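Notes follow the structure.
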Amino acid sequence: MANIDAYLKEKIASSGAAYLILIDPDKITSEETPAFIQDCEEAGVDGFLIGGSLMMHGDLDKAISDVKECTKLPVIIFPGSINQVSAKADAILFISLISGRNPEHLIGKHVMAAPLIKRYGLEPLPTGYMLIESGAKTTAEYISGSSPIPRNKPEIAAATALAAQFMGMKYVYLEAGSGAERPVPFEMVKLVSEMVDIPVIAGGGIRDAETAAEMVRSGAKIIVTGNYFESPENRPRLKEFSRAIKGK
Ligand code: 1GP
């Protein structure tokens, strides 16, 4: 699919918010993929993020091909590391870990990845990525070796997001971490959304439709869920999440 940035912004304009499902290649098999993608499509999901902080045995290329075989919805890489650049996706979140102060995650990895992204013809989506304290230490925090923004300091998140916008980033991502005990506080989503003009993405620890809806009411424009729908018994609720996010 061409121009994923325009696609996402059109979805946000028409529905108020977009809904992306995070697929962790470690957590789904090729056999399970078609039924899951079909459920997502029927529920009105707008696209897929694919990647993970840690990839134990999953094959990113294969996982992307599996998804793309079943859908025309965009597949966007959410890279956990420099190894997660694949020509098979439509786009890649070009993330800078702006909550941290580790130069490798602010520019180092990017220098290594940029030529590859160009060669593969992947659309980069420049994204200011912020880890937000969410209870227990998350994989993203541990792997990146950076501390999250304290959850009771929304003003730090807002100032950081504004700096990202001024640097030209197109999205800002408030991340509680996959499987987080607590999602990003609504108050923080609200303050950040009021501060910036670029779309705010919220994810991590969202396990019910009402939380997703409240994220959107607080100003988030893209909602991401991963873990919750990895369990097949939760999938009948996909539609409820999607409707809540789109304010229906
Ligand atoms: C997306 O990493 C999250 O930002 C996904 O989090 O797996 O907790 O939904 P969950």
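Any read-out appearing in this document is the output of simple, stated calculations on the displayed coordinates, not a laboratory observation. Predicted model, so just to flag it, every value in this text is computed and none were measured. Cβ sites come from the backbone with ideal geometry, for glycine too, and all protein chains shown count toward neighbours.
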**Report entry** Rounded FRET efficiency, nearest 0.05, which uses the C-beta distance separating residue 217 from residue 57 and R0 of 30 Å
**Finding:** 0.15
Requested in this report: Sort the following peptides by mean Cβ neighbour count (other Cβ atoms within 10 Å, averaged over residues), highest first: 74-81, 169-176.
Outcome: 169-176, 74-81
**Report entry** Difference of contour (0.36 nm per residue) and Cα-Cα distance, residue 116 to residue 182
**Finding:** 20.2 nm
Report summary line: Per the Cα gyration tensor, the range 134-213 corresponds to an equivalent ellipsoid with semi-axes, largest first in Å, of 20, 16, 11
Report task. Per residue of the range 24-30, in order, report the coupling 6.51 cos²θ - 1.76 cosθ + 1.60 (Karplus, θ = phi - 60°) as ³J(HN,Hα) in whole Hz, putting x for Gly and Pro. Result -> 9, x, 6, 10, 9, 9, 4
Requested in this report: Starting from the Cα-Cα distance between residue 153 and residue 197, subtract it from 0.36 nm times their residue separation and give me the gain in nm to one decimal.
Outcome: 13.8 nm
Query raised in the report: How far is it, in nm, from the label point at residue 35 to the one at residue 143 when both lie 7 Å from their Cα along the line to the Cβ?
Result: 2.8
Query raised in the report: In nanometres, what is the gap between the two model label sites at residue 10 and residue 233, each 7 Å from Cα along Cα-to-Cβ?
Result: 4.0
Query raised in the report: Restricting to the chain, what percent of DSSP beta bridges are antiparallel, rounded to 5?
Result: 0
**Report entry** Area projected by the alpha carbon convex hull of the range 168-248, averaged over all directions, nm²
**Finding:** 5.2
Query raised in the report: Which whole-Hz couplings ³J(HN,Hα) result when phi for each residue of the range 160-175 is put into the Karplus expression 6.51 cos²θ - 1.76 cosθ + 1.60, θ = phi - 60°, listed in order with x for Gly and Pro?
Result: 5, 5, 5, 4, 4, 4, 5, 7, x, 5, 9, 9, 10, 10, 9, 10
Query raised in the report: Taking the Cα-to-Cβ direction at residue 70 and at residue 2 and moving 7 Å from each Cα, how far apart do the two end points lie in nm?
Result: 2.8
**Report entry** Listed pairs 62/170; 9/62; 170/246; 9/118 exceeding 26 Å between Cα atoms
**Finding:** 62/170; 9/62
Query raised in the report: Roughly how big is the chain's charge dipole about its Cα centre, with Cβ charges of +1 (Lys, Arg) and -1 (Asp, Glu), in debye to the nearest 20?
Result: 540
Report summary line: Correct semi-axes for the chain, from √(5λ) of the alpha-carbon gyration tensor and rounded to whole Å with the largest first, are 24, 22, 17
